[in-house]
Amino acid sequence: MSIIEEHEIALTQTTAAQPKMRTSDKLFPIALLTPVLLFFIILNVVPTLWMLGLSFYKFTLMSLDPPKFIGLDNYIRIYNDPSFWHGFGRTFRFMVLAVAFETVLGGAIGFLFWGSANMPGRRVALTMLFAPMIITPVASGLFYRLIYDPTFGVANYLLENVIGYKIDFLTNVRWAFPAVLFVDIWMWTPFMILMTLAALGSVPKAEMEAAEVDRLSWPQRFRYVILPHAKFILMLGILLRTIDAFKTMDLVFLMTNGGPGSITELIAVALYRYAFASLNIGFSSALAVLLLIVAIAFTSVYLYILNLRRSSEAPTG
Amino acid sequence: MSIKKLGSTSLTRRQLLRSAAAAGVGISASGLLAACGGAAAPAGGGSASDAGADAGADNPLAGSNETNMQGKTVALTIGVIAGWPPSQIPIDLAPDFAAWAKEKFGYDVTISKSEAPFAALFQKVAPTLAAKSTEFNMFISDSQWLGALAEPGWIVKADDIYALNPEIDLEPYSDLVRNTYQIYPDGSDNRWGFPQMPDDQGVYLRLDMLEDPEEQAAFEAKYGKPLPTTYEEYENMTMDEFEEVVAHFHRPDEEFYGTAIMQSKEYDFFSCAWHPYAYSTGGAIWDPETQQIWDILNSDNNVKALEEFKRWQQYQGPGSADYGIGDMIDLFTQGKVFSAFQWLAVGLFMIPDELKGKVLAIPHPKFIGPDGNPNIIGAMGGQPWVVNAFNDDDQMRACVDLLKWWYTDETQAKFLERGGLPWSKAAVEAPGFEESTPYARAFKYMLSDGNSQDFWHHPKYAEMLAVQQEAFNGYATGQYTDAKAVLDFIAAKQQAILFDAGTTDIAPPEGYESMQPA
């Protein structure tokens, strides 16, 4: 019997044995998936569908009236109210500016630390750089509220000594938004440093050495060697930050409460107010559904990019 | 095993997700129906409140007697306002209550507190009450919350407890106490709250600066009249006259400012500080009977009042548009301002040891009223106790006992010793009260009928307040510059909120949806 014939017989035996395995094949994955599916259904699917359902109701906790089905009225109200459009616009502006600054700064600092494994004090420097990311947004918000205080704050003390006047960072309509944005950048640039270091770590040394031997300039090395390897992790970082920046609430709430007026009233702050201050459950559910749709859109982009990565890494031929 | 492999064994990912979604829809639909059903059920379903004022033998609303709580142990949780000292005092005195309950009724009671800042306490408590929880057996509510708490039946009607315990139904110093801390709806006789800490508005001044001979000479040289230095001179002073004093002490070059007035977007800070400007000059914020807001809040009188309020920013320090209660205490006690328009209840903190004998507290200065005479109608502060309607019988008895203990002369005396303020006629009119603290006299003056006024106790107060605070703060900070447009915006939005809630037939003006302040 040739080797090929033996192989064929073995294959036939395996195929013949398959029906016996099928029942356990079916049950085993289900058994493995059941806990996580239950978890997913109870904590994710049910609340989401519940919220979706409530968004079609007029329902407030502060009334004896039972929930009343009003169709799309809550959505129409949001559509007709310019303050929500302003809120969305403000949120997008915050998100784009924050992520852009964090990416550029984080990328630049990450590059500076690239290949500095033997640099004395590297760990201490990185630990200090990452510290803002570890502090909770609530604590950061409170710290900066005090730092920015026009009467007692250290920032204004320094400003007055350097430029001779003070700035009402959190109550001035021109300064409040940049002041809050700065804190977000301060908090989350370390995250982009981390992502940049991870991305640069994925660049093969051999290719960098080859680029050096070929005397590629740094822009060329960046474009043809570093970026192709690093872009997926960097994109992941950017997308995670984008989603996170879109739902920023705690920092703003602590620092300005959305003020002065509505200058820093991001959409998540408005949602909080309707849901937990007014207890207007139906309306806030509609607003939350809209936020969810935007978040899903971002997540889709993220999944699309991950799929791109997977297909680009898949063996060809 | 990959999902792909799983698919080959007859259960696809799509099928899995479809099943999950179907299960989710099923569960959520049944849940929603259940929730709807629950919401439709009669509220206030607590066993004790159902009993109403029935004077039956063992009604929990009567509190404990010698036998029905003997040997039992009760744990009570009280919701209090974080950072607001008057609402912490009952917690400090809780061991006294435990001893009192043990001695009088033979049961053990432990009291724990759960706290949150002014704006957040309601948000913390309300969802628990909506779930008919007894997480908070009783709590210190703000006066504006009465409607929101009473309407869904979350709290016990105070009248039911008073009917069974007339000894705690003390005569208040003025109708203001009853109207602010107890009544809902406005104008009715229904009482829901029990006065805990009354409060009203005044101004704290640096008496040591007023008494400085150099300052007096400089003021007289500038204005041709002596600098007022006594309470009597300030009690009937108008805002115009007071402005001269404030302007005299306003020294921005020295980083020392004439005054400080709350304008923060936080909670009701701006609103309460502005209301006297409107009320005292003949304005109103709504008609409580018809719930008309449009054409009342945005009246010409109120436009002038709002402009006048903002004009006072010229005597305040940087960042004044963000001043809240705590900022005012810091500014005043750290010597950054000559005066501060402040709640009189925080006197203990406005006058630390270093400033003892150096501070004069006066009523809010007067405005020229609609009849041309000086007039002041300040805003009311302060809080009532409210009792959870879902308490079980033992908890309810302990809560009622706590109220009985709270209103004893001995406990009230301890409360006042620790910085609390009285509200009963007997206590406010007691000999020596006006001299008991530097702010007691001004407090009593502002607590007199006609000198202060509270605002809406409507269940939609939080939504109305959020609209108002944001727009007012926008005006204070310069985001909006047209006082009329700001008031039009607030009035339209608030009218829409009430109309939408179905508590008024008065519709908001046409096109209110797209209205924006300018």
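What follows is calculated from the coordinates using simple rules that are stated; it is not laboratory data. Predicted model only: the values in this text are computed from it and were never measured. In this analysis, Cβ positions are derived from the backbone assuming ideal geometry, glycine residues included, and neighbour counts consider all displayed protein chains.
Assorted remarks:
- Estimated FRET transfer efficiency when R0 is 22 angstrom, pair A:Tyr304-A:Ala100 (beta carbons, to 0.05): 0.60
- For A:Asp214 and A:Ile42, a Förster radius of 56 Å and the Cβ-Cβ distance give a FRET efficiency of 0.45, rounded to the nearest 0.05.
- Radius of gyration and maximum dimension Dmax of the range B:152-292, Cα, Å: 21.4, 64
- Ellipticity estimate at 222 nm from DSSP helix runs (n ≥ 4, -39,500 (n - 2.57)) divided over chain A, nearest 500: -23500 deg cm²/dmol
- Inter-centroid distance (Cα atoms) of the range B:144-217 relative to the range A:136-177, Å: 37 Å
- Shielding by partners, peptide A:54-67 (average Cβ within 10 angstrom, other chains): 6
- Whole-number percent relative contact order across chain A, with pairs defined as alpha carbons under 8 Å at least 6 apart: 26 percent
- Ratio of Rg to Rh over the range B:399-518 (Cα coordinates, Kirkwood Rh, two decimals): 1.17
- Using alpha-carbon coordinates, inclination of helix B:213-223 to the longest axis of chain B, degrees: 80 degrees
- For the protein assembly as shown, the residue among A:Met133, B:Ala492, B:Val74 whose Cα projects farthest onto the positive side of the dipole built from Cβ charges is A:Met133.
- Rounded tilt (10° steps) of B:239-249 against the dominant C-alpha axis of chain B: 80 degrees
- For the residue pairs B:Lys124/B:Lys493; B:Lys104/B:Lys460; A:Lys247/B:Lys157; B:Lys113/B:Lys157; B:Lys304/B:Lys358; B:Lys265/B:Lys304, the C-alpha atoms sit more than 30 angstrom apart in B:Lys104/B:Lys460; A:Lys247/B:Lys157; B:Lys304/B:Lys358.
- C-alpha center-to-center spacing [the range B:300-315, the range B:366-425] in angstrom: 31 Å
- Per-residue [θ]222 nm for chain B (sum of -39500 (n - 2.57) over DSSP H runs n ≥ 4, rounded to 500): -13000 deg cm²/dmol
- Built amide H within the under 5 Å cut-off of B:Ser114, gap 5+: B:Ile78, B:Gly79, B:Val80
- Helix axis angle, B:13-40 relative to chain B longest principal axis, alpha carbon, degrees: 60 degrees
- Residue (of A:Gly259, A:Ile109, A:Met235) at the positive-pole extreme of the range A:75-313, dipole from beta-carbon charges: A:Met235
- With θ taken as phi - 60° and the Karplus curve 6.51 cos²θ - 1.76 cosθ + 1.60 applied, the whole-hertz 3J(HN,Hα) list for the range B:331-339 is 4, 6, 6, 9, x, 9, 9, 7, 9 Hz, x standing for glycine and proline.
- Packing here is the average count of other Cβ atoms within 10 Å per residue, and on that basis the peptides A:193-206, A:270-283, highest first, run A:270-283, A:193-206.
- Loop-located trypsin sites (Lys or Arg not before Pro) in the range B:444-517 (DSSP state other than H, G, I, E, B) with a sparse environment of at most 15 neighbouring Cβ atoms within 10 Å are absent.
- Among the GluC sites (Glu not before Pro) within the range B:148-242, those in coil by DSSP and having at most 15 neighbouring Cβ atoms inside 10 Å are B:Glu211.
- Shielding score for A:37-49, defined as the mean number of other chain Cβ atoms within 10 Å: 4
- For chain B, a simple Cβ point-charge model (Lys and Arg +1, Asp and Glu -1, everything else neutral) yields a dipole of about 2620 debye relative to the Cα centre.
- Counting only other chain Cβ atoms within 10 Å of each residue's Cβ, the peptide B:197-210 averages 0.
- Label point 7 Å beyond Cα of A:Lys205 along Cβ direction - residues of the range A:97-119 with amide nitrogen under 16 Å: A:114-119
- With the highest mean first, a sort of the peptides B:76-88, A:113-125, A:23-35 on other beta-carbon atoms found within 10 angstrom per residue produces B:76-88, A:23-35, A:113-125.
- Peptides A:253-262, A:131-140, B:114-123 ranked from most to least packed by the mean count of surrounding Cβ atoms within 10 Å: A:253-262, B:114-123, A:131-140.
- Scanning chain A for DSSP H helices at least 15 Å long along the axis (C-alpha atoms) with a Kyte-Doolittle mean no lower than 0.5 picks out A:82-113, A:122-134, A:137-148, A:176-201, A:227-246, A:281-313.
- Rounded to two decimals, the Cα-based Rg/Rh of chain B, with Kirkwood Rh, is 1.04.
- Extension reserve of the B:Ala131-B:Asp189 stretch, reckoned as 0.36 nm per residue once the Cα distance is removed: 18.1 nm
- Distance histogram in 10 Å bins (all Cα pairs of the range A:77-138, percent per bin): 17, 30, 24, 15, 9, 4
- Pairwise FRET efficiency - B:Ser114 versus B:Asp169, Cβ, R0 = 30 Å, nearest 0.05: 0.60
- In this simple spin-label approximation, A:Ile134 and A:Tyr79 carry label points 7 Å from Cα along the Cα→Cβ vector, and these lie 4.9 nm apart.
- For the range A:40-87 and the range B:458-494, distance of Cα centres in Å: 24 Å
- Only Lys, Arg, Asp and Glu carry charge here, each on its Cβ (+1 for the first two, -1 for the last two); on that basis the protein assembly as shown has a dipole of about 5000 debye about its Cα centre.
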